Amino acid sequence: MSKQLEPVSVLAVDDEDYNLMIIEEFLHDDGYVITTASDGEEAWALLEASPNDFDVVLLDRMMPKMEGMEVLRRMKAHPVLQYVPTILQTASAKNEQIIEGIEAGAYYYITKPYKEDMFRSVVRAAVADRVRFKKLAQDIAEYPSTISLLERGQFHFSTIKECYSLASLLSCAFPSPTDAVTGLTELMLNALEFGHAGLSYDDKTRLIDEQKLHAHVAAKLATEEHRDKSVKVILNRTDAEVVVSIEDQGNGFDWQKYIVFSADRATDNHGRGIATANLMSFDKLTYANEGRKVIAKVFLQS
């Protein structure tokens, strides 16, 4: 899942040539194919003409001709571009602007002046999300549509590989699998990373920076202490709703502060998965058993 099979294409949009030069310098050694645009209109023309060509968009908020927020709104209304991770960059660190951008669909935020380590870490995290989504979308296409006929199913998984496979399968039971798969994957990975492997928020931040997250979690899950643990997933489908419950065997966690977006975590390399699932993947998300169990619902229109 973590392997990149083809070069990652990044669109960097900024009306300052100096900022574009810095971006290209920061990302040069990471092997990305970088395209630049100097205003929102140019960026939108590139995106609209080739919506499948870009994996991540670095988008300046304040620009002439068309501001970054308008480009973002158009992307989120587009059937293909809505799934491309967008990183909003701005000189303003005001909480209300950050929340506005994230709730509009910007998955990450970077403030100016740039700090190289943080900048590269955030871009790498967005790239990893994109690579993962593309692989999950491919998997969805391979599963039979008859999974949507399932009324009730109980499943168990213990590894990251099993997590991805099961998330792809279960997403096909939802009316929009591509929307559901991202949220399911986030919630199911949380069960392994925070539930069974016992990571803290700071642990995950550091491991992502070091590009060792999956290797560390896989090694921890394979230890004698954890290898017999499994995450239980139950799917129920009725004429009115699709419900998935995910329950781990960990110690629970403080889920309340992650259920909504927080400006304090806007520039972190993770920490928005639950809020994204709550806002974009499901109609209702609730936790029980001190955070060990999460229940996600999508209501079906009659």
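Restrict the check to segment 261-269 and report whether at least one residue is modelled with pLDDT under 95, within 29 Å of residue 150 (Cβ to Cβ), surrounded by fewer than 20 Cβ atoms within 10 Å (Cβ to Cβ) and under 16 Å from the mean Cα position of the chain (by Cα).
no
If we keep just the residues of segment 10-33 that are in contact with a strand residue (DSSP E or B) (Cβ under 7 Å, 6 or more places away or on another chain) and surrounded by fewer than 19 Cβ atoms within 10 Å (Cβ to Cβ), which is farthest from residue 109 (Cα to Cα)?
The selected residue is 33.
Test residue 201 against the stated conditions and say whether it is in the same structural domain as residue 172 (by TED's automatic domain parsing), free of Cβ contacts under 8 Å to residues at least 40 places away in the same chain, among the aromatic types (Phe, Trp, Tyr) and within 23 Å of residue 124 (Cβ to Cβ).
no
Run down 274, 246 and say which single residue is of a type in the set (A, V, I, L, M, F, W, C), touching a Leu at 6+ places or on another chain (Cβ under 9 Å) and over 24 Å from residue 145 (Cβ atoms).
Among 274, 246, only 274 is of a type in the set (A, V, I, L, M, F, W, C), touching a Leu at 6+ places or on another chain (Cβ under 9 Å) and over 24 Å from residue 145 (Cβ atoms).
With the checklist (1) touching a helix residue (DSSP H, G or I) at 6+ places or on another chain (Cβ under 7 Å); (2) surrounded by fewer than 21 Cβ atoms within 10 Å (Cβ to Cβ); (3) without any contact (Cβ under 8 Å) to a residue 40 or more places away in the chain in hand, flag the one item residue 83 doesn't pass.
Residue 83 satisfies all of (1) touching a helix residue (DSSP H, G or I) at 6+ places or on another chain (Cβ under 7 Å); (2) surrounded by fewer than 21 Cβ atoms within 10 Å (Cβ to Cβ); (3) without any contact (Cβ under 8 Å) to a residue 40 or more places away in the chain except (3).
Restricting the first residue to segment 157-186 and requiring it to be closer than 12 Å to residue 296 by Cα, which pairs with a second residue that is part of a loop (DSSP other than H, G, I, E, B) and modelled with pLDDT under 95 meet a Cβ separation below 7 Å and a spacing of at least six or different chains?
180/174
Output the number of residues of segment 89-116 satisfying the condition of being in a helix (DSSP H, G or I), exposed (fewer than 15 other Cβ atoms within 10 Å of the Cβ) and over 20 Å from the mean Cα position of the chain (by Cα).
3
Which ones in segment 172-200 are in a helix (DSSP H, G or I) and over 25 Å from residue 226 (Cβ atoms)?
177, 178, 179, 180, 181, 182
Looking at segment 262-269, is at least one residue among the basic types (Lys, Arg) and touching a Lys or Arg at 6+ places or on another chain (Cβ under 7 Å)?
yes
Among the residues of segment 139-171, count how many are in a helix (DSSP H, G or I), polar (S, T, N, Q) and more than 19 Å from residue 281 (Cβ to Cβ).
Result for segment 139-171: 2.
Could you run through segment 226-258 and say how many residues are part of a strand (DSSP E or B), buried (at least 18 other Cβ atoms within 10 Å of the Cβ) and of a type in the set (D, E, K, R)?
Qualifying residue count for the region: 2.
Mind telling me which of the residues 25, 6, 42 ends up being at pLDDT 95 or above and not aliphatic (A, V, I, L, M)?
On inspection, the qualifying residue turns out to be 42.
Does segment 77-108 hold any residues that are modelled with pLDDT of 85 or more, hydroxyl-bearing (Ser, Thr, Tyr) and in contact with a strand residue (DSSP E or B) (Cβ under 9 Å, 6 or more places away or on another chain), and which are they?
Once the filter is applied, which keeps residues that are modelled with pLDDT of 85 or more, hydroxyl-bearing (Ser, Thr, Tyr) and in contact with a strand residue (DSSP E or B) (Cβ under 9 Å, 6 or more places away or on another chain), segment 77-108 yields 86, 108.
Take segment 259-285 and flag every residue that is of a type in the set (A, V, I, L, M) and part of a loop (DSSP other than H, G, I, E, B). Please lay out each step first, then the result.
Keep residues of segment 259-285 that are of a type in the set (A, V, I, L, M), which gives 259-260, 263, 266, 274-275, 277, 279-280, 285.
Correct list: 259, 260, 266.
May I ask you to list the residues in segment 76-88 that are part of a helix (DSSP H, G or I) and within 22 Å of residue 7 (Cα to Cα)?
First, the residues of segment 76-88 that are part of a helix (DSSP H, G or I): 76, 81-83.
Within segment 76-88, 81, 82, 83 meet the criteria.
The values are calculated or read from the model by the stated rules, or taken from the named source; none is laboratory data. This structure is a prediction, so every number in the text was calculated from the model and none was measured. A quick note on method: Cβ atoms are made from the backbone with ideal geometry, for glycine too, and the neighbour counts reach across all protein chains shown.
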